[in-house]
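The values are calculated or read from the model by the stated rules, or taken from the named source; none is laboratory data. Everything quoted here is computed from the prediction, not taken from an experiment. Note that each Cβ is placed from the backbone with ideal geometry, even for glycine, and that neighbours are counted across all protein chains shown.
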Amino acid sequence: MKSYLSLLLTALILASCGHKEETAQIPTSAADSTSSYLTDTVRRIDPASQLMLNGTVTFDQDNVVRVFPLVSGNVEKATATLGTYVQKGQPMATIRSGDISTYVNDFQADKADLEVAAQNLKNVSAQYKAGFASETDFLTAKNNLQKAKDELSRSSNILKVYGGSNTTGQPYYTVKAPITGYIVEKNVNAGQDLRADNSNPLYTISSLQRVWVMANVYETDIPEVRQGQTVDVQVLAYPDKTFRGHIDNISNVLDQQARVLKVRIVLDNAGGLLKPDMFATIQVHLPNVNAQQGLAVAQKALVFDRDHYFVVVQTGLNKFDAREVTVLKNTTRYAFVEGGNLKPGDRVVTEGSLLVYNDLTN
C-alpha cells in the first residue's frame, strides 16, 4: 500500500513539473521580451538598377603638395609624423647641411666685399674731389659698390630660400609645411642621409577636404559605367553612413593582372571621416527607364526562416504581426518585396526584428 502511494505521489509531482515547463514556453507579447527596437516605414520607390564595385580611398592627387629636400645633408630630427595635421609654415624636419654652410660663407664674403667697396668709393670720391683721381676711377669705384650690393642681395636671397640665417650662420635647413593639411605620406627619419637629387618626397601633404576613391570595374560591367554617374560610397568604419560622389574619370587601360578597369570617384570629405587606404563599397546608380515603383523595406527588416522571408509589422502599441513576403530585388539599402498585405506607410521592425519574430512564432 505504501509503495502504491509513493508511486502515485511521484507521478503527480512529475505531471505538475511538466505542466509548468509547457506554460513557460508560451510566448508573451513581443514588446515584453525586447528591451528596445527600431522601426522604419514601408515606402514605394523606383527600384533603380545598381552596380556594386569595390575600391580604396586615396587622397586627391590634384590637391596635394610633395615636399622634396632642397639640400643634401643629415636629418637631425623629423617632428611631423604620418597623419599629423600641420599648419602652413610649421617646421616638420631639421637637416644639418654642408650646402647651408656654403651659402652662409658666400653671404658673409659678399657682405665683407660690400664693406670694402663702400670704403673704396669713399676714398676715391675724396681723391676725385681733390683732383688726385680721375673720373674713370670714380665711376669704377661706384660700379664696384653697386656690384657688391647686387652680390650680397643674391646671396642673401639664396640663404633665405634655403632657410639659412643671416646672423647665426648655423648650417641647418628647416623643412616647413608649404600648405595646411594632413601628412599622408612620410619618407624621412632622424639620422637619414639625404641628397639634393632625391626622387622621393620627404612628405606629402593633402587637405583631405576632397578625396578620391579608386574603384575596380570588371570587363562585363564596363558598358554600364559612364563619366558623371552618381555613386554612393560606404566604408567599414561607418556602416550607417553613405557618402555621395560621382565618377570623375574612367581609365582606358585594363590592369594586366587583375583584369579590371580603374575608375576614379570624387567626393567631398568636409568632416575628414574618410581616410586614405580605407576599403570602400561603391553603388553606381544606373538609369532604368522601364522600372516601375515597388514596395521597399529596409534590409534589416527582413527575417529569413525556413526558406521564406518575413517582416514584422507593428500593428498597434506593443502589437506586432509576422508576415511572409517575397523578395523581388535587393539593393544595399532596400529590399523590394510583395505580399504580406503590406502598403506604403506601414511600420516594420528593423533593429531587433529577429527577436520580435522569434517571440511571435515560438
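Looking at this structure, is ILE183 aliphatic (A, V, I, L, M) and assigned by TED's automatic domain parsing to the domain that holds SER72? When the stated conditions are applied, ILE183 passes them.
To keep it simple, each residue is scored yes or no on (1) farther than 29 Å from ILE179 by Cβ; (2) in contact (Cβ under 8 Å) with a residue 60 or more places away in the chain; (3) surrounded by fewer than 13 Cβ atoms within 10 Å (Cβ to Cβ).
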{"site": "ALA215", "(1), (2), (3)": "no, yes, no"}
{"site": "ILE222", "(1), (2), (3)": "yes, no, no"}
{"site": "LYS241", "(1), (2), (3)": "no, no, yes"}
{"site": "GLN257", "(1), (2), (3)": "yes, no, yes"}
{"site": "ARG264", "(1), (2), (3)": "no, no, no"}
{"site": "LEU295", "(1), (2), (3)": "yes, yes, no"}
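Whether a residue is in a helix (DSSP H, G or I), over 30 Å from ILE265 (Cβ atoms) and of a type outside the set (A, V, I, L, M) was assessed, and GLU115 passes this test.
Just for segment 33-67: of the residues that are among the hydroxyl-bearing types (Ser, Thr, Tyr) and in a loop (DSSP other than H, G, I, E, B), which one is modelled with the lowest pLDDT? Per the stated criteria, the residue is THR34.
Residues of segment 101-136 that are among the acidic types (Asp, Glu), modelled with pLDDT under 90 and surrounded by fewer than 15 Cβ atoms within 10 Å (Cβ to Cβ): GLU135 alone.
Quick grid of which residues meet (1) more than 30 Å from LEU267 (Cβ to Cβ); (2) among the aromatic types (Phe, Trp, Tyr); (3) out of contact with any helix residue (DSSP H, G or I) (no Cβ under 7 Å at 6 or more places or on another chain); (4) not in a strand (DSSP E or B):
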{"site": "ILE179", "(1), (2), (3), (4)": "no, no, yes, yes"}
{"site": "GLU185", "(1), (2), (3), (4)": "no, no, yes, no"}
{"site": "VAL188", "(1), (2), (3), (4)": "yes, no, yes, yes"}
{"site": "ASN198", "(1), (2), (3), (4)": "yes, no, yes, yes"}
{"site": "THR204", "(1), (2), (3), (4)": "no, no, yes, no"}
{"site": "LEU208", "(1), (2), (3), (4)": "no, no, yes, yes"}
{"site": "ALA215", "(1), (2), (3), (4)": "no, no, yes, no"}
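Screening segment 289-351 for strands (runs of 3 or more DSSP E) wholly inside it with 1 or more residues that are touching a Gly at 6+ places or on another chain (Cβ under 8 Å) returns the ranges 308-316, 319-330, 334-338. Scanning segment 224-239 for residues that are polar (S, T, N, Q) and part of a loop (DSSP other than H, G, I, E, B), which turns out surrounded by the most Cβ atoms within 10 Å (Cβ to Cβ)? Checked segment 224-239; the qualifying residue surrounded by the most Cβ atoms within 10 Å (Cβ to Cβ) is GLN229.
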